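Report on the structure given below.
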Amino acid sequence: MNKILPAIVGLAGLACSLHASAQIIDSAASPSEPPGRPLWELGLGGGVISTPAYPGADDRETRVLGIPTVIYRGKILRADQSGIGARLFRSENAELDVGLAASLPARSDDVDARAGMPDLGALGEFGPRLKLRLARFDAYSGLRAELPLRAVFEVRSGVRHQGYTFEPRLVYERRTADGKWMFDTQLSTVVGDGKINRYFYEVAPQYASADRPAYAAKSGLILVRVGAFAARQVNPDLRVFGFVRAENYGVGANDDSPLHRKNNGVSGGIGLSWTLWRSRSMARD
């Protein structure tokens, strides 16, 4: 995900994440996205996001974000609703791309369970994703499956590889006939290899204490997640959006870790994006 480049990529990923909630997520799998979109759009986005500090934490991270938004709808290079990446293959019912995702950092001084342990840095994820259209219910709704496999990198005083995740998910999406409202719901699971699970849940002997015994984490399921997103197109330039996700960690492979403090968690956010400039040339999907 050199030290400067990952930071830029991470911020760009967060920018697209904010912008994504205000639009239909995937043009390949959705029959409802309107034609005639600009090749590129530039603007500003802002919002508030609140999420558990890490999966299973009983402390939270809440951030106010104000960032630029960049949309580019090239045939191969993409910075759009699905994130930043390269589209390698596309047909009527399937698409393969390589993309990025990002998550917020957490300082151990702010997380009681991790007091005295190293901070958790911002995480960037990079890898291939297969998207399959499962059903088109009408001109405005559809169901798809996504199969992203990603390498995880921590950005904290440099870049460190922290393992791999696999997050299969089902996505149902719908927009109103006038295009002003857009909705989607998702059901997914997140599975991690031993390295990423050790990053979240392992307690090395030097960090063990009376109420935090040493623990060796193992690979396996991290969480099960259900989420809902809604967005409103106020005018051609302004979009407002919100999301909520409910997660269960009690089914995870490391629910007996002393760093696992809660079986359930909720994330949410609200925000807006404002388009300032757009190209006259249209995208050719």
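The values are calculated or read from the model by the stated rules, or taken from the named source; none is laboratory data. Keep in mind the model is a prediction, meaning the values are calculated, not measured. Heads up, the Cβs are rebuilt from the backbone with ideal geometry, glycines too, and the neighbour counts pull from every protein chain shown. Keep in mind that these areas ignore ligands, DNA and RNA; they rest on the heavy atoms of the full protein, side chains included. Shrake-Rupley method; radii C 1.70, N 1.55, O 1.52, S 1.80 Å.
Only residues that are of a type outside the set (S, T, N, Q) and either in contact with a helix residue (DSSP H, G or I) (Cβ under 8 Å, 6 or more places away or on another chain) or open to solvent by less than 70 Å² (accessible area, probe 1.4 Å) (or both) were counted across the range 178-203, and they come to 14. Please specify each residue of the range 256-280 satisfying the condition of being open to solvent by less than 70 Å² (accessible area, probe 1.4 Å), assigned to a loop (DSSP other than H, G, I, E, B) and at pLDDT 95 or above. Correct list: S257, P258, L259, H260. Residues that are of a type in the set (K, R), open to solvent by less than 60 Å² (accessible area, probe 1.4 Å) and in contact with a Pro (Cβ under 8 Å, 6 or more places away or on another chain) within the range 103-138 comprise just one, R129. In the range 51-101, the qualifying residues are those that are hydroxyl-bearing (S, T, Y) and within 17 Å of the chain's Cα centre (by Cα), and the one that is surrounded by the fewest Cβ atoms within 10 Å (Cβ to Cβ) is T62. Listed by first and then second residue, the pairs linking a residue in the range 68-80 that is at pLDDT below 85 and assigned to a strand (DSSP E or B) to a residue that is open to solvent by 80 Å² or more (accessible area, probe 1.4 Å) and of a type in the set (K, R), with Cβ atoms under 8 Å apart and 6 or more places separating them unless they lie on different chains, form an empty list.
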